[in-house]
1. Picking from ILE287, ILE270, which residue would you name as being outside any helix (DSSP H, G or I), among the aliphatic types (A, V, I, L, M) and crowded, with 17+ Cβ neighbours inside 10 Å?
2. Sort out for me the helices (runs of 4 or more DSSP H) sitting completely within segment 94-212 that have 3 or more residues that are at pLDDT below 75.
3. Select from segment 320-335 the residues that are among the aliphatic types (A, V, I, L, M) and at pLDDT 90 or above and write down the one among them that is farthest from ASP288 (Cα to Cα).
4. Can you confirm whether segment 173-187 contains a residue that is surrounded by 15 or more Cβ atoms within 10 Å (Cβ to Cβ), at negative phi and among the aromatic types (Phe, Trp, Tyr)?
5. Mind checking which residues of segment 218-260 are more than 11 Å from the chain's Cα centre (by Cα) and acidic (Asp, Glu)?
6. Which one is modelled with the lowest pLDDT among residues in segment 274-284 that are touching a strand residue (DSSP E or B) at 6+ places or on another chain (Cβ under 9 Å) and not in a loop (DSSP other than H, G, I, E, B)?
7. Would you confirm whether or not segment 139-147 contains a residue that is surrounded by fewer than 23 Cβ atoms within 10 Å (Cβ to Cβ), assigned by TED's automatic domain parsing to the domain that holds ALA43 and of a type in the set (A, V, I, L, M, F, W, C)?
8. If only one of VAL53, VAL57, VAL31, VAL19 is at pLDDT 70 or above, under 34 Å from the mean Cα position of the chain (by Cα) and of a type in the set (A, V, I, L, M), which one is it?
Amino acid sequence: MTRSNEEQRQALRSTWISVWVNLFLASAQVVIGVFARSQALIADGLHSLSDLVADGVVLFAARHSHAEADAEHPYGHARFETAASLAIGLILLATGVGMVWTAGVKLHDGQSLGAVHPLALVAAFITLVAKEGLFRYMRRIGERLKSSMLIANAWHARADAASSLVVAVGITANLLGYHSMDAVAAVIVGFMIVKAGWDFSVDAFHSLTDHALDPGEIARILQTAEAVDGVLDVHNLRTRRMGDWAVIDMHVEVDTHLSVSEGHYIAEQISAQVKAAHRVAECTVHIDPGTVRHLARVLALPSRTQVQARAQQVLGHPVTLRLHYLEGGLEVEAELAVHVTAAELQRLQRALQLALAELGHVAGVSLRCAPAGGPV
C-alpha cells in the first residue's frame, strides 16, 4: 500500500516546485498589488500565500504516509494523505471567506475604488499563465501516482488560475473606468475559493469517516469477485477508503461440502484478483457454505466436542467426523476406525442418528467403516 521510492521522489519534487512558484508569485502579487492599488491582486497574492501552507501540509503528509505499518498504525499511514486533503480544504475555506469579507466590506464602504495601475494587469496575466501551467504539471503527476492529495493540490492551483483570470478581468474593467470591478473581482475569487475548499473538505471527511466507495467502483469489485471459480454468490460487501486505497470485506457463498483448504483457496484467489484489478489494499473474504445467512441458527447447532463425545459413547469405537454446519441443520459424516458387518453398520447409524438428534437439529447422519484390511 506504499509507493515506490521513484514515485515518492516525484511526489516530493512536484510539491517543491509548487512551493517555489507560489513563493515567487505571492511576493510579486502583494508588492505589485500595493503599488498598483489593486485590491483584487492583493487578494490573489494572499491566496498564493495560503498555497504555501497547503504545500507544507502536502510535504508533511507525503513523507509520513509513505511509512510502513507499525504497532500503532497496523493498516499503514495512508490516511495521512486524507488528513492533508482535509487540511487543504479547510485552508481554502478560511482563505476564501476572509477574501470575500474584506472585499465586501470595502465595496460597502466605497474604499479603494479608484483606478489601478496597468502593471496590475500584467501581473495578473503572468500569474494566470504560471498557475495554469503548475496545475497541468501537478495533475499529471497526481494522476500517474493515483494520489488524491496531489490531485487536490493541483486543483488548488487550477482554482488559483481561475481566480487570476477573474482578477485580470476585474482589473481590465477597472482600467476601462468601472472602478468598483476590482473589488467585485476579489469577491468572486473569494467565492470560488470557498467552493473549492468545501468540495475538498467534504471528500476528505467522507474518507476519514469510512464512507463507502462510489457505486460504480463497488459494482466492478463485485464482478471481479463473482468471476472467481467456485464462487456461488457475493453479499455483504463493505468498502471504505484508506488514503488513496480501499479496504474491503465480503461474504462469499461456496458449495456446502468443500474442504476448509479449498474454501481458503477460493478466498485467497478472490483477494489476489481483487487487489490486482482494483486499488485495494486489504481484502478480507468470509466463506459461507451454501446459502447460510442466519448465523443464529448455525450457532445453535451442537459443537464438534459435543458430537464427538456422543458418537464415541454410542459407537464404542474410535471415529473420524466431518461436520457441515448448514442453515438447514447439522450434517454429520462419520467413519469408524474398524471394519464391521453391514447389518452392524446400519444399527450403529440408526443409534447415532437418534443420539445426535437429542443435541439439536441434525439434518442427516452418514456412517461408514474402514476397509476390512484394518483402520484407515
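1. Residue meeting the stated conditions: ILE287.
2. In segment 94-212, 148-175, 181-208 are the helices (runs of 4 or more DSSP H) which contain 3 or more residues that are at pLDDT below 75.
3. Only one residue tops the list, namely ALA334.
4. No: segment 173-187 contains no residue that is surrounded by 15 or more Cβ atoms within 10 Å (Cβ to Cβ), at negative phi and among the aromatic types (Phe, Trp, Tyr).
5. Across segment 218-260, the qualifying residues are GLU226, ASP229, ASP233, ASP249, GLU253, ASP255.
6. Filtering segment 274-284 for residues that are touching a strand residue (DSSP E or B) at 6+ places or on another chain (Cβ under 9 Å) and not in a loop (DSSP other than H, G, I, E, B), the one modelled with the lowest pLDDT comes out as ALA281.
7. Yes; the residues of segment 139-147 include at least one that is surrounded by fewer than 23 Cβ atoms within 10 Å (Cβ to Cβ), assigned by TED's automatic domain parsing to the domain that holds ALA43 and of a type in the set (A, V, I, L, M, F, W, C).
8. None of the other options fit; the residue is VAL19.
The values are calculated or read from the model by the stated rules, or taken from the named source; none is laboratory data. Source: prediction; values computed, not measured. Neighbour counts run over all protein chains shown; Cβ positions are idealised from the backbone, glycine included.
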